[in-house]
Structures are given as structure tokens and as C-alpha cells.
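Since the structure comes first, as C-alpha cells, the remarks are kept for the end.
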Amino acid sequence: MQARRSHSKVTDAAPSHEELGRIVSAMNAVADHSNLRPWRIIELRGKARKKLGKGLAKAAGGDRDKYIAKATRTPLVLVVVVSPRQSGKVPLWEQEAVASGVAHLLGLLLHEAGWGSIWKTGSYARSKAVRKAIGVKRPEYLLGWLYVGGIPDRDRKPKPRKPLDIDRHLTVL
Ligand SMILES: Cc1cc2nc3c(=O)[nH]c(=O)nc-3n(C[C@H](O)[C@H](O)[C@H](O)COP(=O)(O)O)c2cc1C
């Protein structure tokens, strides 16, 4: 976990749909109140990535080429969607916490499998135009997407992270 780093620059290699399926299958280990599984991942490759780019451009009011270039910067884009379920017991914030856990674990497992990723939102992840472009209908909404690809410099050791101030993050009452 300490070795994970986000990778904004990746190569054209990507995990196959089958490999991704195995990684996503592990998400049944995420803590999930009432096991609602209130999330889904949308896999975008090839031309499908352009849909995200077009949605971003629409939300931004133009610059299609720029946003299509952004959305196609990596061979694989994984959109993380909160899919709220009806529940008298589990409020929306708890369901979003589950989807957020999935997004974090997805990045970690991709890293463990040797793939690079970075979680992005930008300004338009919650826009209707982006939702519409990739077939996400209310009450579903996006937590952003992971850009995924091969790690270009796998032998390079990552810079150590700044240590946490443990007294701030672990307080004793
Ligand atoms: C919900 C969420 C949204 C994010 N959105 C962006 C974004 O739009 N652009 C960006 O550069 N980084 C974004 N980040 C941060 C990166 O994913 C990444 O964590 C950061 O570059 C630090 O790298 P590290 O993960 O190796 O510490 C986001 C992170 C989270 C959790």
C-alpha cells in the first residue's frame, strides 16, 4: 500500500476485460452496510472513451478536441458510479462511502497487478452532460474515473511519501 503511486503518464498497455473482472470481483471485500453493493464501474476503451470526452466538452461549453484528447489519454478509463439502493437503514452517505472504498481499492489492486492509474474528477464529474454521455441516469452519479494504463518506468523507485503527523491523525480520548 505504501508503494502505490498515482500515474498520470502511462503506456498503451492495459489490463484485459478478464483481468479487470478478477480485480473487480475482489470488491465484495469492501465494507458494505447491508451488502447493498451500491456501485458499478463503467469500462471505457477505444472509441467509447470519446463519449466521456464529448460529455466533458458539453459540460465545459466547448473545446471538444481538448476534452476528447483528455479522455483518450490512457487506453482504459474506469468510471466509478454510485448506484444508490432504496434502504430504510442505509443513508446515501454510507452508500457513497462504499463506492469510494471501491475506487480506492481498485487503484490499489491495479497497482498490485502492475498497472498505473490516477483517480480524476475535474470540474464536471457531477454534470448532467457527462452522466448523459456515458449512460448514467439519476439517482446514479459519478465519483470520477480512473485513467489506467501501463507503468512506463517500472524500475524507478517512488519518492518516499511525507510521513503523517501521527498525533494529528490518531488521537486518543
Ligand atoms: C475523489 C478524488 C478526485 C480527484 N480528482 C483529481 C483531479 O481531478 N485531478 C488531479 O490531478 N488529481 C485528482 N485527484 C488526486 C489524484 O488521484 C492523486 O491522488 C494525486 O495526484 C496524488 O497522487 P498519489 O495518489 O500518488 O498520492 C483526485 C483524488 C480523489 C480521491
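The values are calculated or read from the model by the stated rules, or taken from the named source; none is laboratory data. Everything numeric in this text was worked out from a predicted model, so none of it was measured. We place every Cβ from the backbone using ideal geometry, glycine too, and count neighbours over all the protein chains shown. Only protein heavy atoms, including side chains, enter the accessible area calculation; ligands, DNA and RNA are left aside. Shrake-Rupley method; radii C 1.70, N 1.55, O 1.52, S 1.80 Å.
Can you compute the helix-only [θ] at 222 nm over the chain? Use -39500 (n - 2.57) per DSSP H run of at least 4 residues, normalise by all residues, nearest 500 deg cm²/dmol. Can you show the working numbers first?
Numbers: 6 runs with 61 residues, N = 173.
One gets -10500 deg cm²/dmol as the mean residue ellipticity at 222 nm.
Which loop trypsin sites (Lys or Arg not before Pro) in region 124-158, with loop taken from DSSP, have no more than 15 other Cβ atoms within 10 angstrom of their Cβ?
Values: sites: R126, K128, R131, K132, K137, R154, R156; in loops: R126, K137, R154, R156.
Loop-located and lightly packed - R126, K137, R154, R156.
Hey, got the dipole for the chain? About the Cα centre, +1 on K and R Cβ, -1 on D and E Cβ, debye to the nearest 20?
With only Lys, Arg, Asp and Glu charged at Cβ, the dipole is about 800 debye.
Taking the solvent-accessible surface of protein heavy atoms with a 1.4 Å probe, what is the per residue accessible area of region 18-121 in Å²?
On the way: 5290 Å² over 104 residues.
Per-residue value: 51 Å².
Over region 113-173, how many percent of alpha carbon pairs lie in each 5 Å bin up to the one with the longest distance?
4, 12, 14, 12, 11, 14, 14, 13, 6, 1
So for the chain, averaging the separation of alpha carbon pairs under 8 Å that are six or more residues apart and normalising by length, what relative contact order in percent results? Write out the running numbers ahead of the final one.
Details: 263 pairs, mean separation 57.4, N = 173.
The normalised contact order for the chain reaches 33 percent.
What part of the accessible area of the chain, given as a whole %, is carbon or sulfur when the probe is 1.4 angstrom?
52
Which entries of K66/K137; K47/K157; K51/K120; K66/K132; K66/K157; K66/K162 show an alpha-carbon separation above 23 angstrom in the structure shown?
Working: K66/K137 25 Å; K47/K157 34 Å; K51/K120 16 Å; K66/K132 19 Å; K66/K157 32 Å; K66/K162 34 Å.
Flagged as over cut-off: K66/K137; K47/K157; K66/K157; K66/K162.
Over all directions, average the projected area of the Cα convex hull of the chain and note it in nm².
Over all viewing directions, the chain projects a mean Cα-hull area of 12.2 nm².
Which one, A57, L76, P158, projects farthest toward the positive side of the charge dipole computed for the chain from Cβ point charges (K/R +1, D/E -1)?
Value computed over the given set: A57.
Would you please give the residues with an amide H less than 5 Å from that of L76, counting only those at least 5 places away or on a separate chain, with H modeled from the backbone geometry?
Long-range HN contacts for L76: V148.
Per 10 Å bin, what percent of the C-alpha pairs of region 46-94 does each bin hold, from zero upward?
25, 34, 19, 20, 2
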